[in-house]
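This report refers to the structure that appears directly beneath it.
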Amino acid sequence: MKYPSEAVVADMQNRFAYHAPTGNKVNIHAELRNRFGAIALFTLASTPPSREQSLAITKIEEAMLWANAAIARNPEPVETTDQKVD
């Protein structure tokens, strides 16, 4: 049996660990949820009920989860911008 390197083990431990939000990360997580929620609502309002609509909503949810994981799993401080995206 081939054992993974220490770096791979550390990466797996980080991926499956709980990462309590601290500092500004709490606000960033909330802002991401709000913005992805708005995109999901716009998608529902702009597309007919269908398999494609359902998949689009699932992918928006998946993107939100990965964005939150990126914030939670990485120790770098996150800076926010109050710039409005058009």
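The values are calculated or read from the model by the stated rules, or taken from the named source; none is laboratory data. Please read these numbers as outputs of a predicted model, since none were measured by experiment. Quick reminder, even Gly has a Cβ in these numbers, built from the backbone with ideal geometry, and neighbours come from all protein chains shown.
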Checked pairs for the stretch 36-49, first modelled with pLDDT of 95 or more, second surrounded by 12 or more Cβ atoms within 10 Å (Cβ to Cβ) and in a helix (DSSP H, G or I), C-beta under 6 Å and 6 or more apart or across chains, list as Phe36/Ile60; Phe36/Met64; Ile39/Ile60; Ala40/Ile57; Ala40/Ile60; Thr43/Ala56; Thr47/Gln53
Here the residues within the stretch 39-65 that are over 27 Å from Glu76 (Cα atoms), part of a helix (DSSP H, G or I) and out of contact with any helix residue (DSSP H, G or I) (no Cβ under 6 Å at 6 or more places or on another chain) are Leu41, Phe42, Leu44, Ala45, Ser46, Arg51, Glu52, Gln53, Ser54, Leu55, Thr58
Do the conditions hold for Leu32, that is, is it free of Cβ contacts under 8 Å to residues at least 24 places away in the same chain and not in a loop (DSSP other than H, G, I, E, B)? no
Residue set Ala38, Ala30, Ala17, Ala10; condition among the hydrophobic types (A, V, I, L, M, F, W, C) and either over 26 Å from Ile60 (Cα atoms) or in contact with a His (Cβ under 9 Å, 6 or more places away or on another chain) (or both); output residue Ala10
